[in-house]
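Q: The structure that follows is given in the form of structure tokens.
Read-outs: derived from the displayed coordinates by stated rules, not from any lab. Treat the numbers as computed from the prediction; the structure is a model and nothing was measured. Neighbour counts run over all protein chains shown; Cβ positions are idealised from the backbone, glycine included.
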Amino acid sequence: MNTMGRKHNFFAGPSTLPVPVLEQLKAEIVDTQGKGLSMIEASHRGGMYEAMHNETLELLRDLLAVPKDRRILFLGGGATLQFGMVPMNLRALGQSCDYTLTGAWSKKALADAKLSGPVRLAYDGTPGNFTALPAAASVKVPQDSAYLHLTSNETIGGIQWKEFPDCGSVPLVADMSSDILSRRIPAERFGLIYAGAQKNLGPAGLTVVIISGELLERSPKNLAAYLSYQTHAEENSLYNTPPVFAVSVAGLVLKWVKAQGGLPAVEKLNAEKAGLIYQAIDGSGGFYRSPVDKPARSTMNVVFRLPSEELEKAFVAESEKAGMLGLKGHRSVGGCRASLYNGLPLEGAKALAALMKDFAARNG
Ligand SMILES: *Cc1c(COP(=O)(O)O)cnc(C)c1O
């Protein structure tokens with residue numbers, strides 16, 4: 001716990017936000033920038049909101065080095081809505097698209113894609129129980145494919161793509177919900193990136209979509225207005241009321257990230273935090289186990305097991321007493337999971353690593 005009584009928050013999502021952002025929010029919630037009203041009370045058709053909206057879009061473009069020909073959209077519906085919107089917008093009638101099946105989230109994306117047309121599997125991690133990823137260069141996609149979909153970080157299984165497949169002229173589409181803004185990415189290699197905000201970008205309610213001009217052309221004309229990327233691109237994501245609260249907090253988070261030194265600095269810190277926990281696992285003489293193949297280990301979600309379910313329960317109970325929240329693993333995989341998103345300070349990872357060492361020494 002820190003001096004303000006805040007606990008170390010390891011929840012997988014929604015998740016911890018940077019304290020300076022929460023402090024600024026507190027200061028501005030009643031009266032934003034001396035305008036006499038809160039940002040979240042301003043009309044999305046007015047200049048006050050629009051300036052902040054555009055500034056937030058540009059900050060995101062700048063931090064992620066998104067090429068000029070890409071449009072950035074602010075939508076609602078979570079990453080889950082994108083599971084359906086991506087195939088509806090990008091796949092022609094009867095055309096196939098390709099998916100890499102690497103865990104719980106890509107499984108959901110795949111299931112929704114199947115509802116509206118043919119899908120092929122470019123990789124199936126089911127036999128290995130989703131604990132490893134293929135070498136990027138080994139993923140091959142037929143050139144008639146509408147797109148290749150991957151989940152850059154599987155939040156539940158704790159595996160993360162470090163390099164991305166090269167699929168020639170087939171656009172690469174990525175669900176980056178749980179690692180966007182956590183590291184540098186080759187944004188120019190993706191035709192479409194989508195991410196729910198509630199892990200690294202801000203509060204729940206905002207979904208970011210980054211789409212190339214070429215893919216924007218593909219939206220069929222018979223989609224409901226909200227379901228078409230073209231609608232949102234033409235209206236600068238102001239076709240309907242955007243999630244104004246989430247957008248304004250994301251704006252504060254992006255400024256904070258920029259002040260930290262942008263993605264190179266954030267990436268370094270995230271590697272350090274994850275390194276502390278993986279060291280605690282690997283250096284425990286087998287007391288803790290990571291089920292994940294080493295090269296695929298996620299820097300965002302560290303999944304680990306203890307020698308027994310009883311010890312796992314005891315560990316989680318102790319961690320809660322020590323002011324650490326959210327370390328119980330997802331119900332589908334069991335064990336423990338530490339989510340180490342951008343908002344988690346280094347002290348949080350240090351406290352967890354220390355508890356792990358101490359617990360192992362007493363119970364090993
Ligand atoms: C959290 C998460 C989702 C789901 O996001 P919602 O905003 O709840 O729809 C999808 N994909 C990944 C990788 C996630 O981590």
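Q: Going through region 130-182 one residue at a time, which ones are within 11 Å of the ligand (Cβ to nearest atom), under 27 Å from residue 258 (Cβ atoms) and of a type in the set (A, V, I, L, M, F, W, C)?
A: 174, 176, 180
Q: Can you find a residue in region 30-52 that is part of a helix (DSSP H, G or I) and touching a Gly at 6+ places or on another chain (Cβ under 7 Å)? Lay out the reasoning, then the answer.
A: Of region 30-52, the ones part of a helix (DSSP H, G or I) are 32-34, 39-41, 47-52.
Restricting the remaining residues to those that are touching a Gly at 6+ places or on another chain (Cβ under 7 Å) gives 52.
Yes, the conditions are met somewhere in region 30-52.
Q: Another question, then. Does residue 293 satisfy being in contact with a Ser or Thr (Cβ under 7 Å, 6 or more places away or on another chain), over 26 Å from residue 62 (Cα atoms) and surrounded by fewer than 17 Cβ atoms within 10 Å (Cβ to Cβ)?
A: Numbers: in contact with a Ser or Thr (Cβ under 7 Å, 6 or more places away or on another chain): yes; over 26 Å from residue 62 (Cα atoms): yes; surrounded by fewer than 17 Cβ atoms within 10 Å (Cβ to Cβ): yes.
Judged against the criteria, residue 293 is a match.
Q: Can you tell me which of 131, 56, 100, 80 is assigned to a loop (DSSP other than H, G, I, E, B), in contact (Cβ under 8 Å) with a residue 12 or more places away in the chain and polar (S, T, N, Q)? Explain how you work it out, then say what you get.
A: Numbers: 56 fails: assigned to a loop (DSSP other than H, G, I, E, B); 100 fails: assigned to a loop (DSSP other than H, G, I, E, B); 80 fails: assigned to a loop (DSSP other than H, G, I, E, B).
Being assigned to a loop (DSSP other than H, G, I, E, B), in contact (Cβ under 8 Å) with a residue 12 or more places away in the chain and polar (S, T, N, Q) holds for just one of 131, 56, 100, 80, which is 131.
Q: To continue, here is another question. Among the numbered criteria (1) in a loop (DSSP other than H, G, I, E, B); (2) surrounded by 18 or more Cβ atoms within 10 Å (Cβ to Cβ), which single criterion is violated by residue 241?
A: Answer for residue 241: the failing condition is (2).
Q: Can you name the residue in region 19-49 that is surrounded by 13 or more Cβ atoms within 10 Å (Cβ to Cβ) and among the small types (Gly, Ala, Ser) and is also farthest from residue 241 (Cα to Cα) among such residues?
A: 38
Q: Give the residue that is farthest from residue 262 (Cα to Cα), with candidates limited to residues of region 58-80 that are within 13 Å of the ligand (Cβ to nearest atom) and touching a strand residue (DSSP E or B) at 6+ places or on another chain (Cβ under 7 Å). Show your work before the answer.
A: Taking region 58-80 first, the residues within 13 Å of the ligand (Cβ to nearest atom) are 75-80.
Subset that is touching a strand residue (DSSP E or B) at 6+ places or on another chain (Cβ under 7 Å): 75-79.
On the way: 75: 24, 76: 26, 77: 27, 78: 25, 79: 24 Å.
Filtering region 58-80 for residues that are within 13 Å of the ligand (Cβ to nearest atom) and touching a strand residue (DSSP E or B) at 6+ places or on another chain (Cβ under 7 Å), the one farthest from residue 262 (Cα to Cα) comes out as 77.
Q: Just the residues that are surrounded by 20 or more Cβ atoms within 10 Å (Cβ to Cβ), in a loop (DSSP other than H, G, I, E, B) and within 16 Å of the ligand (Cβ to nearest atom), please, taken from region 204-231.
A: Of everything in region 204-231, those that are surrounded by 20 or more Cβ atoms within 10 Å (Cβ to Cβ), in a loop (DSSP other than H, G, I, E, B) and within 16 Å of the ligand (Cβ to nearest atom) turn out to be 205, 206.
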